Every structure is written in C-alpha cells, then in structure tokens.
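The structure under discussion appears below in the form of structure tokens.
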Amino acid sequence: RAEIMNNFLIGDNISLSCHKREELDIDWSHIFVSRFMTEHGFTSSKTTNYQFPLWLYERQGNKLVNFNKDIYKKVINNLSGEIEPENIFDYIYAFLHSPFYRKKYKDFLKEDFPKVPYPKNNKDFFNLVEAGRELRTLHLLEDSKISKFITTYPLSGDDKVDKIKYNNGKVFINEKQYFGGV
C-alpha cells in the first residue's frame, strides 16, 4: 500500500518482513529484513508478506518511529540507559530468529503474527540487540564479514558444474576447479 511503501521513497529505512501465519506444514521461518519496498511474496510464495518499516516519514520529511507509543514507553521504562529505536528493531529481529522462540511458539506462529515478549533486563536485551544487529547487517549484506571469504576458488576455467565432489577440504565442481578451505 502506498501509505507504507512511500516510507521507503522519502528517506532511509529498514523494515521487518514476515507473514501472518504459516499455511504450509513447515516450521515458521519467514522473517527477513529489507531497506527497500518488497513484493507480496518476499518471505513466502504461499502467503502475503507484510512489511513493518522502522520509520514513518511525514510529508515534511520528519521521521517518526513506527512503534505503538504505549509499548515503546513500556520497553524504554523497563530498561536503563539510552535505548534507540534501532535497538528495539534488532532485539525483535534476533528474537524472531531464535530457534528456542520458534520451537516454543510453533503452534501459535501457525495462526497469527509473531509476538515478542518484553525484555526482562538490560543484559539480556543488549545481548539480543547485538545478535540482531549482526544478523541484520549480514542479511542486508552490509557487514564487513561479507567480503572476508574463508574459502578459496584458486583456478580459473569455464566454471561449469559437472559433478560435485568433496575431497580433503576441497569441493570440486569439475575435474580441475574447486572451492578450497571447506
């Protein structure tokens, strides 16, 4: 919808993308982040994708945090120190990627939007913020780790995949070419 998607045209933004319920007989895992508008099948080809931008932009260009004011105040009041909206976004992103969360709320996630519990203390909150930030920057391909390869691809050639074979830390794609350090 234009009222949501315009928030990606006016200024810098990030959004949480997910769907309301899992309609397939699989574990819920359809959560992702984007800096851009997404189409309806971004997180799943079977259900409609919903996009939740962190920022809402007014016509004058002012940005407002896109959190329920009462919930936002409750989170801020439960914690000490400076809490930025990005911290809460990253907390949510980490929580929704937690295998523990997905297992505990498996049945609920089949029926409705995911729910995230309030942070209980600063230590746990900021541990999840750090994990969520790292995951977010990796998913957005903004983390410096992306360019630090741990594997090699030492031989040039036609790059044709004939037969994949693993041998002594190398994954061969054909007779001569391989990925090393695997």
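The values are calculated or read from the model by the stated rules, or taken from the named source; none is laboratory data. Note that the structure is a prediction, hence the values are computed from the model and not measured. A quick note on method: Cβ atoms are made from the backbone with ideal geometry, for glycine too, and the neighbour counts reach across all protein chains shown. Quick note on the areas: whole protein, heavy atoms, side chains included, nothing else; ligands and nucleic acids left out. Shrake-Rupley method; radii C 1.70, N 1.55, O 1.52, S 1.80 Å.
The residues in the stretch 51-75 that are surrounded by fewer than 14 Cβ atoms within 10 Å (Cβ to Cβ) and hydrophobic (A, V, I, L, M, F, W, C) can be counted, and the count is 2.
Considering each residue of the stretch 76-90, count those that are part of a helix (DSSP H, G or I), open to solvent by less than 70 Å² (accessible area, probe 1.4 Å) and either acidic (Asp, Glu) or over 18 Å from Ile31 (Cα atoms) (or both), and give that number.
Residues meeting the conditions: 4.
Of the listed requirements (1) out of contact with any Leu (no Cβ under 6 Å at 6 or more places or on another chain); (2) more than 22 Å from Val33 (Cβ to Cβ), Asn122 misses just one: (1).
For residues that are open to solvent by less than 90 Å² (accessible area, probe 1.4 Å) and either of a type in the set (A, V, I, L, M, F, W, C) or in contact with a strand residue (DSSP E or B) (Cβ under 6 Å, 6 or more places away or on another chain) (or both), scanning just the stretch 91-109, find the one that is farthest from Leu138 (Cα to Cα).
From the stretch 91-109, those open to solvent by less than 90 Å² (accessible area, probe 1.4 Å) are 91-98, 101-102, 105-106, 108-109; that's our starting set.
Applying the additional criterion that residues be either of a type in the set (A, V, I, L, M, F, W, C) or in contact with a strand residue (DSSP E or B) (Cβ under 6 Å, 6 or more places away or on another chain) (or both) yields 92, 94-96, 108-109.
Numbers: Ile92: 16, Ala94: 12, Phe95: 16, Leu96: 16, Phe108: 28, Leu109: 25 Å.
Ranking the candidates gives Phe108 first.
Listed by first and then second residue, the pairs linking a residue in the stretch 134-161 that is within 17 Å of Asn174 (Cα to Cα) to a residue that is among the basic types (Lys, Arg) and open to solvent by 90 Å² or more (accessible area, probe 1.4 Å), with Cβ atoms under 9 Å apart and 6 or more places separating them unless they lie on different chains, are Leu155/Lys176; Gly157/Lys176.
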